[in-house]
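Student: My questions all concern the structure below.
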Amino acid sequence: MTAKSQPPFSAQEIAQEGIKPEEYQEIVKRLGRHPNKAELGMFGVMWSEHCCYKNSRPLLKQFPTTGERILVGPGENAGVVDLGDGLQLAFKIESHNHPSAVEPFQGAATGVGGILRDIFTMGARPIAVLNSLRFGNLEDSKTQRLFSGVVSGIAHYGNCVGVPTVGGEVYFDPAYSGNPLVNVMALGLMETPEIVKSGASGIGNPVLYVGSTTGRDGMGGASFASAELSDESIDNRPAVQVGDPFLEKSLIEACLEAFKTGAVVAAQDMGAAGITCSTSEMAAKGGVGVEFDLDKIPSRETGMIPYEYLLSESQERMLFVAQQGREQELIDIFQRWGLHAVVAGTVIEEPIVRILYQGKVAAEIPATALAENTPIYHRELLAEPPEYARKAWEWTSNSLPSCTHEGIEIQGKFQTWNDILLTLLDTPTIASKSWVYRQYDHQVQNNTLMLPGGGDAAIIRLRPVSEDKGTREQGDKEMEREETMPHAQKAIAATVDCNSRYVYLDPYEGAKSVVAEAARNLSCVGAQPLAVTDNLNFGSPEKPIGYWQLAEACRGLAEGCEELSTPVTGGNVSLYNETFDSTGNPQPIYPTPVVGMVGLIPDLTKICSQGWQSEEDIIYLLGLPIQSQNSKFKIELGGSEYLATIHHTVAGKPPTVDFDLERRVQQACREGIRQGWVRSAHDCSEGGITVALAECCIKSKLGAEIQLELPANNSQRWDEVLFGEGGARIIVSVGLGQQKIWESYLKEQLNDYWQQLGKVGTSQTSLSIFTIDNKSLINVTIDNVSTHYFQAITRRLALSRQLNS
């Protein structure tokens, strides 16, 4: 059949593989012929946005990716950073959005399994998992089903595989009603002498298939993840993988044992696009080819054809290139762990992927055509911001009802600032996520130093596992020896962050805020920010607004990472997060560029939590003072939680990031913690200074006495003072004995960008905020704010169950 002959597929069949007409013509041009069914499927998954980043790759090139601690950057299964003293950390974030929308339990569970494989494929033992989740309105029954299923799936896989889920974030907004986001980040400590890479090498070396069997589950999952969701998406349940965490636990141990033999030349996890992706990427990265025989693959279903083998995304599978002559050594290891391991292919000189089936060639494609030389779309950026953004930017706080120190009248009803605070604390996005993290085993492996909800970032002790503990007595001696080693005092901190409402209103400034907040959260626990992995969750890039949001957010992320010296080591792009409603109208999510950031704590005894530590401790605000007259960098109600929740308005410009102030404030916070001056630290984010103060009280069960004042020219409103956001602000508490040295340091480090707010309550059990002339702004008991904060999510879920019973 010649390239000019009639295609063997209809236009609909080609479109079903996610391939555009012009892309099909390019496939024919590259092959010099029409593809067969298996080859068409291979191109469909490998040329999907999920695998080849054809819309986002030009934008990702602007990210900073190098630094003195960066050992492995973008392009491998995970990034790796140097922690010093021989310690190396692998970390990565991935999404499983569309599968979780269709089958929330398995979609989320296999998201955890997939990101863990990315980590241990590098030769690292997984030590922690975090997640960033987005759902619709929690009072909606569909949202509750998705929310419960996703949390259960994460808990099931993480708990069973024995990796602690140590932190994360959960947001609720109608923008995610039809398209929830499930982003999972994993961290691992390198155990192998060398970092395991994925590029195949050594002509004649055997290619091993290891792990679980192959079935029809997860068929075409990569293409499914690169298309909008519709009412018919429920029919795509076969595109959702099914995971086995107990088998993955065996796979972790078998792989790490195999890597330590030195017999593994390269390794690749079979994630999206399964066998197709692993064979083509290993071949392309190594500049070689792979011949692979599907007849050798252990399958769990009968009658599978090449198309199904190649596109299956069955879980817990890996591909190895082994040193010739040592394959049996590796096979024995996997069989000892109860896993399959077979020689299924060979590294060949010709740079192609050749698939054999029943003694014949089932597919033959140049490796780079699948994995590297893929389509790239350079889309035109809007000449000016879209109308929705320009209109939102016209909003000012002058459009709000006037307010006094007592409160504000909204739609004919007067609400005190007490009422407003309690309403915000009852908002699921702000409220305690204890309903979520109580389902996770966050202490397995016994290295979690900061429990979920305790601090602004998770903290994990760095305690390498020795290769052979031997007897119990030998193990005790080994542990004693580790305690005297330099790394025994180190810890790693990690966080995931994104205020997507900011990014929706101004993608550039909003994305900068995401990076700044992640670094601030790490600094609040005493960690020096090191590096970033990002997950770009956006709508369709084929629409002018969608591409503008993506391009501007990438520009903001690049600038933020450059400014804060946190290079990007890799990540994930998840586009087409849109839901077609029954009338065919696409509903995109808010643009959500989630940043996962890791930081180093040199001394694990010098860390901080959110809650106050002792009565009479002095409370300080670091960052933009309440009385600041700065016209460029100021506290904003635009894009705030207060504006969205209380006034049901999403408008205004989000706060502008002052990176110079961010660096100075974060450095001051870290230094205060390391010197033992700062006893608690918490950043001001959603809900502003008042919500942050309330959270410090809730976590410690201690009250606080605070004094605030308006600027002398009355240029700010009381709601801006109490609930405005921005300003690189952190609330810290310091013991009376450290006041003098701490304030002396602040004057030197921050000049006027700090102020004393008050003190931790003595016999008080309330948060009391007064004006400078002693008028009460807020006076709420800790019991009352705690009830609203801790019961917000459980109350909504319980109420729904009552209504449905």
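The values are calculated or read from the model by the stated rules, or taken from the named source; none is laboratory data. Computed from a predicted model, the values in this text were never measured in an experiment. As a convention, Cβ positions derive from the backbone with ideal geometry for all residues, glycine included, and neighbour counts pool all protein chains shown. When the accessible area is computed, the model is the full protein with side chains, heavy atoms only, and any ligands, DNA or RNA have been set aside. Shrake-Rupley method; radii C 1.70, N 1.55, O 1.52, S 1.80 Å.
Student: Step by step: first the residues of segment 100-124, then only those that are in a helix (DSSP H, G or I) and of a type in the set (Gly, Ala, Ser), then the one that is nearest to the chain's Cα centre (by Cα). Which residue is that?
Tutor: This residue is Gly111.
Student: List the helices (runs of 4 or more DSSP H) that sit entirely inside segment 657-762 and contain at least 1 residues that are without any contact (Cβ under 8 Å) to a residue 40 or more places away in the chain and out of contact with any Lys or Arg (no Cβ under 9 Å at 6 or more places or on another chain).
Tutor: In segment 657-762, 659-674, 739-750 are the helices (runs of 4 or more DSSP H) which contain 1 or more residues that are without any contact (Cβ under 8 Å) to a residue 40 or more places away in the chain and out of contact with any Lys or Arg (no Cβ under 9 Å at 6 or more places or on another chain).
Student: Quick check on segment 116-129. Is at least one of its residues of a type in the set (S, T, N, Q) and farther than 20 Å from Met190 by Cβ?
Tutor: no
Student: Please tell me if Val444 is under 30 Å from Ile607 (Cα atoms) and either open to solvent by 60 Å² or more (accessible area, probe 1.4 Å) or in a helix (DSSP H, G or I) (or both). Even if it seems obvious, please write down each step before you answer.
Tutor: On the way: under 30 Å from Ile607 (Cα atoms): yes; either open to solvent by 60 Å² or more (accessible area, probe 1.4 Å) or in a helix (DSSP H, G or I) (or both): no.
Judged against the criteria, Val444 is not a match.
Student: Still on this structure, I have one more. Being more than 22 Å from Gly149 (Cα to Cα), in contact with a strand residue (DSSP E or B) (Cβ under 8 Å, 6 or more places away or on another chain) and modelled with pLDDT of 95 or more is true for just one of Gly202, Gly167, Gly215. Which residue is that?
Tutor: On the way: Gly167 fails: more than 22 Å from Gly149 (Cα to Cα); Gly215 fails: modelled with pLDDT of 95 or more.
On inspection, the qualifying residue turns out to be Gly202.
Student: Still on this model: Name the one entry in Ile601, Ile607 that is open to solvent by less than 10 Å² (accessible area, probe 1.4 Å) and either free of Cβ contacts under 8 Å to residues at least 60 places away in the same chain or of a type in the set (A, V, I, L, M) (or both). Working first, answer last.
Tutor: Numbers: Ile607 fails: open to solvent by less than 10 Å² (accessible area, probe 1.4 Å).
One residue alone meets the criteria, Ile601.
Student: Related question: Let me confirm something: among Leu424, Leu449, which residue is over 19 Å from the mean Cα position of the chain (by Cα) and either charged (D, E, K, R) or farther than 24 Å from Pro174 by Cα (or both)?
Tutor: Testing whether each residue is over 19 Å from the mean Cα position of the chain (by Cα) and either charged (D, E, K, R) or farther than 24 Å from Pro174 by Cα (or both) leaves just Leu449.
Student: For the structure I just gave you, tell me whether Gln749 is out of contact with any Gly (no Cβ under 6 Å at 6 or more places or on another chain) and closer than 30 Å to Glu671 by Cβ. Give the steps one after another, and end with the answer.
Tutor: On the way: out of contact with any Gly (no Cβ under 6 Å at 6 or more places or on another chain): yes; closer than 30 Å to Glu671 by Cβ: yes.
Considered against the rule, which asks whether it is out of contact with any Gly (no Cβ under 6 Å at 6 or more places or on another chain) and closer than 30 Å to Glu671 by Cβ, Gln749 comes out as yes.
Student: Filter segment 579-609 for residues that are under 20 Å from Gly178 (Cβ atoms) and in a loop (DSSP other than H, G, I, E, B) and give the result.
Tutor: Passing the criteria: Asp581, Ser582, Thr583, Gly584, Asn585, Ile589, Tyr590, Pro591.
Student: Could I ask something else about it? Out of the helices (runs of 4 or more DSSP H) lying entirely within segment 23-76, which hold 1 or more residues that are touching a residue at least 60 places away in the same chain (Cβ under 8 Å), within 20 Å of the chain's Cα centre (by Cα) and buried (at least 18 other Cβ atoms within 10 Å of the Cβ)?
Tutor: 49-52, 57-60
Student: Scanning segment 539-551 for residues that are out of contact with any Gly (no Cβ under 9 Å at 6 or more places or on another chain) and touching a residue at least 60 places away in the same chain (Cβ under 8 Å), which turns out nearest to Leu449 (Cα to Cα)?
Tutor: Ala551
Student: Any idea which of Ile127, Ile93 is in contact (Cβ under 8 Å) with a residue 60 or more places away in the chain, hydrophobic (A, V, I, L, M, F, W, C), open to solvent by 10 Å² or more (accessible area, probe 1.4 Å) and part of a strand (DSSP E or B)?
Tutor: Of the residues listed, the single one that is in contact (Cβ under 8 Å) with a residue 60 or more places away in the chain, hydrophobic (A, V, I, L, M, F, W, C), open to solvent by 10 Å² or more (accessible area, probe 1.4 Å) and part of a strand (DSSP E or B) is Ile127.
Student: Looking at Leu536, Leu522, which one is in contact with a strand residue (DSSP E or B) (Cβ under 8 Å, 6 or more places away or on another chain), touching a residue at least 60 places away in the same chain (Cβ under 8 Å) and either assigned to a helix (DSSP H, G or I) or hydroxyl-bearing (Ser, Thr, Tyr) (or both)? Step through it out loud before you land on a result.
Tutor: Values: Leu536 fails: either assigned to a helix (DSSP H, G or I) or hydroxyl-bearing (Ser, Thr, Tyr) (or both).
Of the residues listed, the single one that is in contact with a strand residue (DSSP E or B) (Cβ under 8 Å, 6 or more places away or on another chain), touching a residue at least 60 places away in the same chain (Cβ under 8 Å) and either assigned to a helix (DSSP H, G or I) or hydroxyl-bearing (Ser, Thr, Tyr) (or both) is Leu522.
Student: Of all residues in segment 181-219, how many are at positive phi and acidic (Asp, Glu)?
Tutor: 0
Student: Another question, if that's okay. Quick one: Gly303 ticks every box in (1) open to solvent by less than 40 Å² (accessible area, probe 1.4 Å); (2) out of contact with any Asp or Glu (no Cβ under 8 Å at 6 or more places or on another chain); (3) within 25 Å of Gln106 (Cβ to Cβ); (4) assigned to a loop (DSSP other than H, G, I, E, B) bar one, so which box is it?
Tutor: (1)
Student: Suppose we filter Gly560, Gly571 for residues that are within 26 Å of Leu89 (Cβ to Cβ) and either assigned to a helix (DSSP H, G or I) or open to solvent by less than 10 Å² (accessible area, probe 1.4 Å) (or both); which single one remains?
Tutor: Values: Gly571 fails: either assigned to a helix (DSSP H, G or I) or open to solvent by less than 10 Å² (accessible area, probe 1.4 Å) (or both).
From the options Gly560, Gly571, the qualifying one is Gly560.
Student: Hey, among Val436, Val465, which residue is farther than 29 Å from Val678 by Cα, of a type in the set (A, V, I, L, M, F, W, C) and either in contact with a His (Cβ under 6 Å, 6 or more places away or on another chain) or modelled with pLDDT of 95 or more (or both)?
Tutor: Val436
Student: Oh, and also: Condition (residue is under 30 Å from Tyr547 (Cβ atoms), of a type in the set (A, V, I, L, M, F, W, C) and either open to solvent by 70 Å² or more (accessible area, probe 1.4 Å) or in a strand (DSSP E or B) (or both)) applied to segment 332-352: is it met by at least one residue?
Tutor: no
Student: I need the full set of residues from segment 306-331 which are touching a strand residue (DSSP E or B) at 6+ places or on another chain (Cβ under 7 Å) and assigned to a loop (DSSP other than H, G, I, E, B), in order please.
Tutor: Once the filter is applied, which keeps residues that are touching a strand residue (DSSP E or B) at 6+ places or on another chain (Cβ under 7 Å) and assigned to a loop (DSSP other than H, G, I, E, B), segment 306-331 yields Ser312, Ser314, Glu316, Gln323, Gln324.
Student: Just wondering, is there one or more residues in segment 510-527 that are open to solvent by 10 Å² or more (accessible area, probe 1.4 Å), among the hydroxyl-bearing types (Ser, Thr, Tyr) and modelled with pLDDT of 95 or more?
Tutor: Scanning segment 510-527, I find at least one residue that is open to solvent by 10 Å² or more (accessible area, probe 1.4 Å), among the hydroxyl-bearing types (Ser, Thr, Tyr) and modelled with pLDDT of 95 or more, so the answer is yes.
Student: A further question on this structure: Only residues in segment 612-632 that are assigned to a loop (DSSP other than H, G, I, E, B) count as the first member; pair them with residues that are at pLDDT below 70, Cβ under 7 angstrom, at least 6 apart or cross-chain, and list the lot.
Tutor: Leu624/Asn630; Gln627/Pro711; Gln629/Pro711
Student: Another question about this same structure. Could you please let me know if Thr121 is closer than 22 Å to Cys255 by Cβ and either of a type outside the set (Asp, Glu) or open to solvent by 10 Å² or more (accessible area, probe 1.4 Å) (or both)?
Tutor: It is true that Thr121 is closer than 22 Å to Cys255 by Cβ and either of a type outside the set (Asp, Glu) or open to solvent by 10 Å² or more (accessible area, probe 1.4 Å) (or both).
Student: Of all the residues that make up segment 241-296, how many are in a loop (DSSP other than H, G, I, E, B), open to solvent by 10 Å² or more (accessible area, probe 1.4 Å) and of a type in the set (A, V, I, L, M, F, W, C)?
Tutor: Within segment 241-296, residues that are in a loop (DSSP other than H, G, I, E, B), open to solvent by 10 Å² or more (accessible area, probe 1.4 Å) and of a type in the set (A, V, I, L, M, F, W, C) number 3.
Student: Hey, another quick one. Quick check on my filter: what residues within segment 374-398 are in a loop (DSSP other than H, G, I, E, B) and over 22 Å from Pro541 (Cα atoms)?
Tutor: Correct list: Glu394, Trp395, Thr396.
Student: Of the residues Trp395, Trp435, only one is within 18 Å of Leu643 (Cα to Cα), crowded, with 17+ Cβ neighbours inside 10 Å and not polar (S, T, N, Q); which?
Tutor: After ruling out the rest, the residue left standing is Trp395.
Student: Considering only segment 159-188, state which residues are open to solvent by 10 Å² or more (accessible area, probe 1.4 Å), over 26 Å from Leu425 (Cβ atoms) and either acidic (Asp, Glu) or not in a loop (DSSP other than H, G, I, E, B) (or both).
Tutor: Asn159, Cys160
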